[in-house]
């Protein structure tokens, strides 16, 4: 008896056959490593909720970047933790701020051989933990925040960033940043827009990593996207593309593969997906209890993200995946 799907089984017969006909391939070229650099510390500080991840000194950051480069990793994204915070996050655009100095260090160490991405937001730098300027009534002032974002973009570009990545989800942020970059003669610096960033419950370990607590137990649901909605993400992507984004981001990744797949249909821009701290932490926690094979699940998740349409993936798994590949 002949079965039409028997040919599919035949193509799964051996590992070599499965490799030969695989539709999706995960490569070190697909990976970007999120890294944290902290001002005022003498040695790296482990982040308990992010097993294997640490807050770097400027010196240890450069060492890590060089090692990632030796593994073939094409890019990093930097997040800074300043010593001093204020209501406007002024250290975010200080030429001597921690991310600006770290960008210069990395550029001096590796030249043009890796892509340097700078997260562009002020939540790590404010005493209230929001991504924008906060009014007296506790709401975020979108338009006043845009001017600050422009200042940050210019500072990061001047320090050596190839790409700035605005993550605050302010309306009009891409246009404001593009105008500021062009005005500052940084036309060659690209914008990776966090176009579809959801108000997710998966960011807890990241907030530990950057020492961010939102004042009075608040949240970001008024400016980040509602995780129940998909169509609005596509509208945000279209708006960012129209404003001048060079690339767009979906964040988090695995719970939003449907959004990622739909985004791939409506834009020809490169799409990044951020496999966030909570996604990483769940893999590590389950693996530590021998509930899953962590290495297998890590590759499976990242491959699924690639299969859904991502061109590259920001993930805390970058180093170990690069070593295994």
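Throughout, read-outs are computed from the coordinates displayed, never taken from laboratory work. What you are looking at is a predicted structure, and each value in this text was computed from that prediction instead of being measured. Glycine also receives a Cβ, built like all others from the backbone with ideal geometry; neighbour counts cover every protein chain displayed.
Worth a mention:
- Acute angle (nearest 10 degrees) that the helix 231-243 long axis makes with the longest principal axis of the chain, alpha-carbon atoms: 60
- Extended-chain gain in nm, criterion 0.36 nm per residue less alpha-carbon gap, residue 288 and residue 232: 16.4 nm
- The peptide list 83-90, 174-181, 233-240, put in order of mean Cβ contacts within 10 Å with the highest first, becomes 174-181, 233-240, 83-90.
- As a ratio to 2.2 N^0.38 Å, the alpha-carbon radius of gyration for region 25-324 is 0.92.
- Prolate/oblate/rounded call for region 210-273, Cα gyration tensor, a/c under 1.5 rounded: prolate
- Residue 20 versus residue 144: modelled label distance in nm, points set 7 Å from Cα along the beta carbon direction: 6.6
- Helix-derived mean residue ellipticity, 222 nm - over the chain, DSSP H n ≥ 4, -39500 (n - 2.57), to 500: -12000 deg cm²/dmol
- For the chain, the longest principal axis of the Cα atoms and the long axis of helix 142-159 meet at an angle of about 80 degrees.
- Cα gyration tensor shape for region 1-158, rounded if a/c is under 1.5, else prolate or oblate: prolate
- Label positions at residue 182 and residue 83, each projected 7 Å from the Cα along the C-beta direction, are separated by 4.0 nm.
- Residue 171-residue 104 FRET efficiency (beta carbon distance; Förster radius 30 Å; 0.05 resolution): 0.40
- Gaussian network model of the chain, springs between alpha carbon atoms under 10 Å - residue of 153, 310, 109 with greatest fluctuation: 109
- Centroid-to-centroid separation of region 18-69 and region 104-154 [C-alpha atoms, Å]: 21
- Per-peptide average of other Cβ atoms within 10 Å, ordering 273-281, 222-230 highest first: 273-281, 222-230
- Of all DSSP bridge pairs formed entirely within the chain, close to 10 percent run antiparallel.
- Taking region 25-324 and dividing mean pair separation by its residue count, relative contact order in percent (alpha carbons under 8 Å, at least six apart): 19
- Principal-axis tilt of helix 277-288 within the chain, Cα atoms, nearest 10 degrees: 50
- Ranked by how many other beta carbons lie within 10 Å on average, peptides 315-321, 296-302, 119-125, 185-191 from highest: 119-125, 315-321, 296-302, 185-191
- Distance in nm between pseudo-label sites at residue 112 and residue 213 (7 Å out along the Cβ direction from Cα): 4.6
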